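Working notes for the structure below.
The values are calculated or read from the model by the stated rules, or taken from the named source; none is laboratory data. Just so you know, these numbers come straight off a predicted model, no measurement behind them. Positions of Cβ are backbone-derived with ideal geometry, glycine not excepted, and every protein chain shown enters the neighbour counts.
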Amino acid sequence: MSDIKHKAIAVEYNLYKDTAEGEMIESTEGKEPLAFLSGLGQMIPEFEANITSLNEGDTFSFGIKSENAYGTRKEEAVIELAQDMFMNEGKMIPEVEVGNVLPLQDQNGNVIPGKILAINESTVTVDVNHLLADQDLHFTGKIVEMREATAEEVEHKHVHGAHGHQH
């Protein structure tokens with residue numbers, strides 16, 4: 001891995017369903033650009049491959065098929081969880097409603113969004129597939145910044161400075 005050159009990259013982007021004419025999923029418009037370090041597996045690999053070949057100031061427009069983005073929907077990711085997990089002082093928390101997406105934690109402490117599919121007698125049926133599973137994506141945008149990452153950024157695994165976190 002040491003031969004990979006890490007770049008600190010900041011992009012402004014719009015993300016659409018299927019094509020550039022599709023429904024907008026998210027955008028950095030009016031917000032901070034997305035900052036990341038290349039070569040650390042922080043982004044969808046195909047997104048990173050498309051971006052790292054560009055230069056600061058370049059614009060981009062490319063699609064990524066679902067299997068190369070957030071993967072395909074898996075039935076085993078629809079799970080039953082005990083209602084106790086959603087209780088507070090003996091009552092079901094009000095956010096537990098069919099259709100709502102709640103932040104759940106896996107056994108490693110990672111937060112995973114789970115969509116409530118059903119509220120049963122003693123369990124809650126939750127879909128923990130990625131919200132964009134089975135979805136082809138299309139990104140458009142511009143490279144705001146691209147430079148070599150500093151050793152400290154690589155060690156901390158995030159971009160410092162104007163477009164990154166500061167500690």
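Note on the range 6-26: residues that are touching a residue at least 40 places away in the same chain (Cβ under 8 Å) and either closer than 21 Å to residue 66 by Cα or of a type in the set (Ser, Thr, Tyr) (or both) total 10. Residue 59 meets all of the listed conditions (1) surrounded by fewer than 15 Cβ atoms within 10 Å (Cβ to Cβ); (2) touching a Ser or Thr at 6+ places or on another chain (Cβ under 8 Å); (3) not assigned by TED's automatic domain parsing to the domain that holds residue 44 but one, namely (3). Within the range 27-48, residues that are more than 19 Å from residue 142 (Cβ to Cβ) have Cβ atoms under 7 Å from residues that are buried (at least 19 other Cβ atoms within 10 Å of the Cβ) and among the aromatic types (Phe, Trp, Tyr) in these pairs: 42/36, counting only partners at least 6 apart in sequence or on another chain.
So in the range 53-85, with the set limited to residues that are assigned to a strand (DSSP E or B) and more than 23 Å from residue 6 (Cα to Cα), which one is nearest to the chain's Cα centre (by Cα)?
The first filter runs over the range 53-85 and keeps only residues assigned to a strand (DSSP E or B), leaving 59-64, 78-82.
Pick out the ones that are also more than 23 Å from residue 6 (Cα to Cα) and you get 63, 78-82.
On the way: 63: 16, 78: 19, 79: 21, 80: 24, 81: 24, 82: 27 Å.
Within the range 53-85, the match that is nearest to the chain's Cα centre (by Cα) is 63.
Among the conditions (1) in contact (Cβ under 8 Å) with a residue 12 or more places away in the chain; (2) surrounded by 11 or more Cβ atoms within 10 Å (Cβ to Cβ), residue 95 misses just one, which is (1).
If you go through the range 13-24 one residue at a time, do you hit one that is under 16 Å from residue 131 (Cβ atoms), assigned to a loop (DSSP other than H, G, I, E, B) and touching an Asp or Glu at 6+ places or on another chain (Cβ under 9 Å)? Yes - at least one qualifying residue is present in the range 13-24.
Might you let me know whether the range 125-132 holds any residue that is more than 17 Å from the chain's Cα centre (by Cα) and either in a loop (DSSP other than H, G, I, E, B) or loosely packed, with under 11 Cβ neighbours inside 10 Å (or both)? Checking the range 125-132: not a single residue is more than 17 Å from the chain's Cα centre (by Cα) and either in a loop (DSSP other than H, G, I, E, B) or loosely packed, with under 11 Cβ neighbours inside 10 Å (or both). Within the range 25-49, being outside any loop (DSSP other than H, G, I, E, B) and within 15 Å of the chain's Cα centre (by Cα) holds for 25, 26, 27, 34, 35, 36, 37, 45, 46, 47, 48. Of the residues making up the range 62-89, those that are surrounded by 16 or more Cβ atoms within 10 Å (Cβ to Cβ) and touching a helix residue (DSSP H, G or I) at 6+ places or on another chain (Cβ under 8 Å) are 64, 69. The number of residues in the range 7-30 being surrounded by 15 or more Cβ atoms within 10 Å (Cβ to Cβ) and hydroxyl-bearing (Ser, Thr, Tyr) comes to 3. Criterion applied to 38, 53 was being closer than 25 Å to residue 133 by Cβ and among the small types (Gly, Ala, Ser), and the one residue passing it is 38.
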